[in-house]
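Below: the structure, in structure tokens.
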Amino acid sequence: MEKNKRSVSRNRTWELRVVSLPGYKWLEIVPGRRSGRPTVKGTRVTVDDIFGMLAASWKPEEVAEELEIPLEAVYEALKFASEALKRIVVVAEAPS
């Protein structure tokens, strides 16, 4: 679902198209914000940022505290990454 938000910067106002992700309370896509990658609503924190910290052995609670986001958003980022991986089609050749 798309929504419009107004943004004001240096006396300029423009509309941003926000794409809500069905099934995700804390994630959204805003074209032009972080190259259109999914971010935690109202922030510039991407799923990639969260995933990178978790891959570097940070605990979910530490990630949430460091990035000042809800713990639920960290778990939603994991869910999003998992769903994305399920959509990847792997094509491999059988060994000769």
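Each reported figure results from applying straightforward, stated rules to the coordinates on display, with no laboratory input. Worth saying up front: this structure is predicted, and the values here are computed from it rather than measured. Backbone-built Cβ (ideal geometry, glycine too); neighbour counts: all protein chains shown.
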Over 19 Å (Cα to Cα) - which of Lys41/Lys86; Lys25/Lys59; Lys59/Lys79 fall in this group: Lys41/Lys86; Lys25/Lys59
DSSP-assigned coil residues among GluC sites (Glu not before Pro) in region 33-96, each with at most 11 further Cβ atoms within 10 Å: Glu68, Glu93
Solution diffusion estimate, µm²/s, Stokes-Einstein, region 11-86, Kirkwood Rh from C-alpha pairs, 20 °C, viscosity 1.002 mPa s: 167 µm²/s
Selection of trypsin sites (Lys or Arg not before Pro), region 24-94, meeting DSSP coil and at most 14 other Cβ within 10 Å: Lys25, Arg44, Arg87
